[in-house]
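Visitor: There's a structure below that I have some questions on.
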Amino acid sequence: KMTIDKIGKEYFSKNESDIIDFQWTNNFGLKVTISTWENVEKQIGIKYEFSRFNGFRYLDEGDFSGYWDSPDFKNGFHLFRIIKGGWKSGEVTQNGILDISRAVDELNEFFISTTNGCLTVLAYEKPTITEIELKYE
């Protein structure tokens, strides 16, 4: 059983959403941009910026079926803090994987959810969240 917190605001969830960009650098941390829908007609971007993190993983939404079994994810939110039951707290079955991250109480697990790609981030603080205009050429 998962325990989660929804973070940010709820968006229109009937249209497709996806991770459209992510960048990682030693100096600036991890930046993740998704496309989503503000309403039935207006597509927007959301940028999440994690300044201090230990790791991340990107997978297709189909590889997170254990998450989707929880009704807490069936909404228009895109960012969640996984308090219990996710990657850090027991999802890994291979011996020796995530031993350091599990031992750090201050390290949080965040889940960026879209109808396509999804990203799990192990970070110390929740990210800054900025809505941006998407420009397609």
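Visitor: Of the residues that sit in region 1-12 and are surrounded by 15 or more Cβ atoms within 10 Å (Cβ to Cβ) and under 16 Å from the mean Cα position of the chain (by Cα), which one is farthest from PHE111 (Cα to Cα)?
Guide: In this case the residue turns out to be TYR11.
Visitor: Do we find a residue being in a helix (DSSP H, G or I) and touching a residue at least 12 places away in the same chain (Cβ under 8 Å) anywhere in region 70-86? Working first, answer last.
Guide: Taking region 70-86 and keeping what is in a helix (DSSP H, G or I), we get 71-73.
Filter again for touching a residue at least 12 places away in the same chain (Cβ under 8 Å), leaving 72-73.
Scanning region 70-86 turns up at least one residue that is in a helix (DSSP H, G or I) and touching a residue at least 12 places away in the same chain (Cβ under 8 Å).
Visitor: In region 45-91, how many are at pLDDT below 90, of a type in the set (S, T, N, Q) and open to solvent by less than 40 Å² (accessible area, probe 1.4 Å)?
Guide: 1
Visitor: Return the total of residues in region 10-34 being β-branched (Val, Ile, Thr) and in contact with a Gly (Cβ under 8 Å, 6 or more places away or on another chain).
Guide: Number satisfying all stated conditions: 4.
Visitor: Also: Identify all residues within region 13-36 that are at pLDDT 95 or above and of a type in the set (A, V, I, L, M, F, W, C); write none if there are none.
Guide: Across region 13-36, the qualifying residues are ILE19, ILE20, LEU30, VAL32, ILE34.
Per-residue answers, yes or no, for (1) of a type outside the set (D, E, K, R); (2) without any contact (Cβ under 8 Å) to a residue 12 or more places away in the chain; (3) closer than 17 Å to GLU133 by Cα; (4) part of a loop (DSSP other than H, G, I, E, B):
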position: PHE22; (1), (2), (3), (4): yes, no, yes, no
position: LYS31; (1), (2), (3), (4): no, no, yes, no
position: SER35; (1), (2), (3), (4): yes, no, yes, no
position: VAL40; (1), (2), (3), (4): yes, no, yes, yes
position: TYR48; (1), (2), (3), (4): yes, no, yes, no
position: ASN54; (1), (2), (3), (4): yes, no, no, no
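Visitor: Could you grab me the full set of residues in region 19-37 that are of a type in the set (D, E, K, R) and surrounded by 14 or more Cβ atoms within 10 Å (Cβ to Cβ)?
Guide: Selection gives LYS31 alone.
Visitor: A follow-up question, please. Take LYS42 and decide whether it is modelled with pLDDT of 90 or more and closer than 16 Å to GLU10 by Cβ.
Guide: Taking the combined requirement at face value, the residue satisfies it.
The values are calculated or read from the model by the stated rules, or taken from the named source; none is laboratory data. Note that this is a predicted model, so its numbers are computed, not measured. Counting neighbours? That spans all protein chains shown, and the Cβs are built from the backbone with ideal geometry, glycine included. What goes into the accessible areas is simple: the full protein's heavy atoms, side chains included, and nothing from ligands, DNA or RNA. Shrake-Rupley method; radii C 1.70, N 1.55, O 1.52, S 1.80 Å.
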